[in-house]
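The values are calculated or read from the model by the stated rules, or taken from the named source; none is laboratory data. Since we're looking at a predicted model, the values are computed, not measured. Reconstructed Cβ throughout: ideal geometry from the backbone, glycine too, with neighbour counts over all protein chains shown.
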Amino acid sequence: MKHVLSAVVVNQPGVLAHVSGMLASRAFNIESLAVGETENAEFSRITFVVSGDEKVLDQVRKQLEKIVTIVRVIDFSGKEFVERDLMLIKVGAIGRQRSEIKELVDVFRGSLVDISSDHVMIELSGQEKKLEAFIDLMRPFGVLEMVRTGRIALLRSNEENVDVEERAAHEDPTAAC
């Protein structure tokens, strides 16, 4: 079973390496990983997907919570959340194929972001299943290159919003470093 977790971390060099290294050293497989600044530049959010049962998920969560640069770990299991993946995909397109591809891009609410004489580049965001379905439709045209961001997610409700500024005021996560 796949589990989506999010960790709000202090935005400093080496945090991502520390988190991913800890997971790898304990043989947890990261299926997806995305990281970026939060609304406060002092903090970043790492969103990742791991596979395993509840025991594995509990171990991952406990190990993450031990890292001093992690402010908060959120487990999305059983909660209402919005998730997205972003993909750029370069597809072969000659002649009338362009109009077919454009129609499919429109149906999937994507965008053509680059056009050349023999290919088009498409930007698409959505849930993993949507991206996989689009990739399958593009295969007959010839997928030349593709890159994906990994999953990002936020809870829909306010019950576990992370007020990182308030939390940081009460704790100094870098004090033990």
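Select from segment 19-41 the residues that are part of a helix (DSSP H, G or I) and surrounded by 15 or more Cβ atoms within 10 Å (Cβ to Cβ) and list them in ascending order.
Val19, Ser20, Met22, Leu23, listed by residue number.
Only one of (1) surrounded by 11 or more Cβ atoms within 10 Å (Cβ to Cβ); (2) on the phi > 0 side of the Ramachandran plot fails for Glu128. Which number is that?
Of (1) surrounded by 11 or more Cβ atoms within 10 Å (Cβ to Cβ); (2) on the phi > 0 side of the Ramachandran plot, only one is false for Glu128: (2).
Hey, could you check segment 71-88 for residues that are touching a helix residue (DSSP H, G or I) at 6+ places or on another chain (Cβ under 6 Å) and more than 17 Å from Ser157 (Cα to Cα) and say which is modelled with the highest pLDDT?
Met87
Might you let me know whether segment 91-106 holds any residue that is surrounded by 18 or more Cβ atoms within 10 Å (Cβ to Cβ), in contact with a strand residue (DSSP E or B) (Cβ under 9 Å, 6 or more places away or on another chain) and closer than 30 Å to Ser157 by Cβ?
no
I'd like to know if segment 22-35 contains one or more residues that are in contact (Cβ under 8 Å) with a residue 60 or more places away in the chain and not polar (S, T, N, Q).
Yes: one or more hits.
Whether any residue in segment 115-129 is among the charged types (D, E, K, R) and assigned to a helix (DSSP H, G or I) is what I want to check.
Among the residues of segment 115-129, at least one is among the charged types (D, E, K, R) and assigned to a helix (DSSP H, G or I), which makes the answer yes.
For segment 42-55, name all the residues that are outside any loop (DSSP other than H, G, I, E, B), surrounded by fewer than 19 Cβ atoms within 10 Å (Cβ to Cβ) and of a type in the set (D, E, K, R).
Of everything in segment 42-55, those that are outside any loop (DSSP other than H, G, I, E, B), surrounded by fewer than 19 Cβ atoms within 10 Å (Cβ to Cβ) and of a type in the set (D, E, K, R) turn out to be Glu54, Lys55.
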